[in-house]
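Beneath this line is the structure, given in structure tokens, with notes to follow.
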Amino acid sequence: MKNRPLLGLFVFSISTNSLPVLADENPEGFIEGATAKVLARNMYFNRNSLSHYPDAIGWGQGFLADYQSGFTQGVIGLGIDASAYTAYKLDGGRGTVGTGMFPAEGDGERTESSTLNGSVKAKWSNTVLKFGDLRPYNPVFATPDLRLMPMTTRGFQLLSDDIETVSLDLGHFYSSRGYTTTNHDEGFKAGYAGVDAGNVDYAGLTWQPLEQGSVGFYASRAEDLWRQYYVNANYTLPLAQEQTLGLDFNLYRSLDTGQANAGAINVTAWSLATSYGNGPHTYTLSFQKVHGDQPFDYLMSSDGTYMDSIYLANSSQYGDFNGPGEQSIGLGYAYDFGSTGYLHTTLGLRYVYGFDIDNEKVDPDGLYAYFAHADKQIERDIDLKTVVDSGALKNLSVRIRYADHSFSGDSVKQLRIITEYPFDLF
């Protein structure tokens with residue numbers, strides 16, 4: 001199959017009259033507009049497998065320092081961003097490995113790891129072009145931040161808000177650094193198939209014609225895996241006082257391309273979520289469906305760090321409910337306890353049931369053998385978070401995330417306790 005340049009998917013014609021006046025561009029200055037922040041993150045991780053998967057237990061402390069300069073004055077402003085991340089292993093949990101918090105070292109894990117990241121940027125009007133170690137986050141290419149240090153990826157990204165009510169996002173990325181590595185020369189792979197993806201390109205736009213709703217479209221290419229197209233539409237309808245009705249529709253279309261390292265791919269996956277909010281209560285009902293002989297797959301770093309590039313409604317803390325032909329129904333409830341003046345607490349509960357996995361079309365010795373003997377999966381999630389609202393410890397948060405996942409006889413229970421304290425240096 002012949003590849004075509006991804007940028008050819010989008011052609012924009014903008015008259016100069018539609019752009020804002022540029023006479024006083026970037027008035028804040030390179031130094032005056034700079035910010036520097038540090039996030040102290042402590043995490044306890046416990047994955048208890050009740051089947052053949054190994055247990056993983058660990059406790060660590062991370063420090064994430066991020067510096068962002070302003071832009072030099074003038075029509076085209078220049079700037080730099082830099083970050084330094086460090087993680088310390090406090091306990092290995094009876095010698096178990098595989099938490100994703102620490103780089104591997106022989107048969108064990110390193111007790112300390114650190115990494116430096118840097119990028120340059122240029123701004124014209126409300127358009128910013130960046131190159132270097134970046135953390136893009138969108139439906140087809142999203143770098144996660146679910147362990148002690150976030151994932152970063154290296155390449156180009158262009159973000160633009162120059163067109164009223166429209167946001168543009170374009171990127172080209174060729175290497176990554178996942179949770180368990182400190183170098184920046186990892187590549188990309190298919191998350192479930194585990195084969196090389198090559199470089200990744202994407203382009204997308206989000207249009208928000210109304211304050212209550214928006215539509216979005218993204219197209220991406222992993223050069224030796226697939227082309228993916230994504231569509232989203234969402235709307236929040238105000239009802240009576242403190243009551244709302246929300247709709248969120250997501251659809252992915254995946255087709256093999258290039259070397260097709262994951263084999264033939266012809267998959268459509270979609271979801272529809274409806275939510276009803278009444279004061280502090282939010283109730284959610286969602287349905288998700290995968291059409292095709294393959295699962296809906298998405299990207300990961302070569303070290304095994306799964307990306308967040310799956311915006312389907314029933315993708316959960318542990319499972320994605322993305323098997324071939326799979327249907328799933330999700331029920332959710334969230335309660336906002338409000339603020340006591342010192343603490344603000346929220347609680348989220350979720351149940352997802354997946355069924356009708358078409359395992360007969362999956363090769364038990366192939367890349368997607370994980371689904372070969374599957375028929376259904378179930379997940380129950382709890383998410384409890386408390387944030388300090390005032391005083392010397394303002395913005396200190398404690399979060400407990402628990403997932404209980406069962407999949408065709410395999411059962412996994414996963415617990416994460418995360419404490420974060422952010423503070424500004426300037």
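The values are calculated or read from the model by the stated rules, or taken from the named source; none is laboratory data. From a predicted model like this one, the values you see are computed outputs, not experimental measurements. Here the Cβ positions follow ideal geometry from the backbone for every residue, glycine too, while neighbour counts run over all protein chains shown. The accessibility values were calculated without ligands, DNA or RNA, using every heavy atom of the protein model including side chains. Shrake-Rupley method; radii C 1.70, N 1.55, O 1.52, S 1.80 Å.
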Exercise for the section: Kindly check whether there is at least one residue in segment 155-162 that is open to solvent by 70 Å² or more (accessible area, probe 1.4 Å), closer than 23 Å to His184 by Cα, touching a His at 6+ places or on another chain (Cβ under 9 Å) and not in a loop (DSSP other than H, G, I, E, B). Expected result: yes
Exercise for the section: Have a look at Ser160, Ser175, Ser220 and point out the one that is on the phi < 0 side of the Ramachandran plot and in contact (Cβ under 8 Å) with a residue 40 or more places away in the chain. Expected result: Ser220
Exercise for the section: Can you confirm whether segment 370-377 contains a residue that is surrounded by 16 or more Cβ atoms within 10 Å (Cβ to Cβ), touching a residue at least 40 places away in the same chain (Cβ under 8 Å) and among the charged types (D, E, K, R)? Expected result: no
Practice task
Among residues belonging to segment 46-64 that are in a strand (DSSP E or B) and open to solvent by 70 Å² or more (accessible area, probe 1.4 Å), point out the one that is modelled with the highest pLDDT.
Solution key: Phe63
Completion exercise
Being open to solvent by 40 Å² or more (accessible area, probe 1.4 Å) and not polar (S, T, N, Q) narrows Phe407, Phe355 down to just Phe355
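Residue by residue, here is whether (1) open to solvent by less than 10 Å² (accessible area, probe 1.4 Å); (2) among the β-branched types (Val, Ile, Thr); (3) over 28 Å from Asn232 (Cα atoms); (4) not in a strand (DSSP E or B) holds:
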| site | (1), (2), (3), (4) |
| --- | --- |
| Asp81 | no, no, yes, no |
| Tyr88 | no, no, yes, no |
| Val97 | no, yes, yes, yes |
| Lys130 | no, no, no, no |
| Asp133 | no, no, no, no |
Practice task
Could you run through segment 99-127 and say how many residues are open to solvent by less than 30 Å² (accessible area, probe 1.4 Å) and either in a loop (DSSP other than H, G, I, E, B) or of a type in the set (Phe, Trp, Tyr) (or both)?
Solution key: 6
Exercise for the section: Hey, can you tell me all the residues within segment 166-180 that are of a type in the set (Ser, Thr, Tyr), open to solvent by 20 Å² or more (accessible area, probe 1.4 Å) and at pLDDT 95 or above? Expected result: Ser167, Tyr174
Exercise for the section: Kindly indicate whether Phe217 is out of contact with any helix residue (DSSP H, G or I) (no Cβ under 9 Å at 6 or more places or on another chain), among the hydrophobic types (A, V, I, L, M, F, W, C) and either closer than 22 Å to Ala313 by Cα or surrounded by fewer than 22 Cβ atoms within 10 Å (Cβ to Cβ) (or both). Expected result: yes
Fill in the blank from the handout: Of (1) basic (Lys, Arg); (2) part of a loop (DSSP other than H, G, I, E, B); (3) at pLDDT 95 or above, Lys2 satisfies every one except (3)
Exercise for the section: Considering only segment 13-45, state which residues are of a type in the set (S, T, N, Q) and at pLDDT 95 or above. Expected result: Thr35, Asn42
Practice task
Could you check how many residues of segment 66-79 are loosely packed, with under 15 Cβ neighbours inside 10 Å and closer than 23 Å to Pro144 by Cα?
Solution key: 0
Practice task
Please name all residue pairs, on different chains or six or more residues apart, with Cβ atoms under 7 Å, provided the first residue is in segment 41-55 and is among the small types (Gly, Ala, Ser) and the second residue is surrounded by 13 or more Cβ atoms within 10 Å (Cβ to Cβ).
Solution key: Ser49/Asp55; Ser49/Val412; Ser51/Asp410; Ser51/Ser411
Fill in the blank from the handout: Within segment 386-401, restricting to residues that are open to solvent by 70 Å² or more (accessible area, probe 1.4 Å) and in contact with a strand residue (DSSP E or B) (Cβ under 8 Å, 6 or more places away or on another chain), the one that is nearest to Asn48 (Cα to Cα) is Arg399
Exercise for the section: At least 2 residues that are more than 25 Å from the chain's Cα centre (by Cα) and hydroxyl-bearing (Ser, Thr, Tyr) in each: list the strands (runs of 3 or more DSSP E) lying fully within segment 294-368 that qualify. Expected result: none
Practice task
Please go through segment 261-300 and pick out each residue that is among the aromatic types (Phe, Trp, Tyr), open to solvent by 40 Å² or more (accessible area, probe 1.4 Å) and out of contact with any Leu (no Cβ under 7 Å at 6 or more places or on another chain).
Solution key: Tyr283
Handout entry: Yes/no for Gly323 being among the small types (Gly, Ala, Ser) and either loosely packed, with under 15 Cβ neighbours inside 10 Å or at pLDDT below 95 (or both)
Key = no
Practice task
State whether one or more residues within segment 136-144 are touching a residue at least 24 places away in the same chain (Cβ under 8 Å), aromatic (Phe, Trp, Tyr) and under 21 Å from Arg41 (Cβ atoms).
Solution key: yes
Exercise for the section: Starting from residues that are without any contact (Cβ under 8 Å) to a residue 60 or more places away in the chain and within 28 Å of Tyr235 (Cβ to Cβ), keep the ones in segment 249-260 and report whichever is surrounded by the most Cβ atoms within 10 Å (Cβ to Cβ). Expected result: Ser254
Practice task
Provide a single number: the residues in segment 140-154 that are open to solvent by 10 Å² or more (accessible area, probe 1.4 Å) and farther than 22 Å from Arg416 by Cα.
Solution key: 1
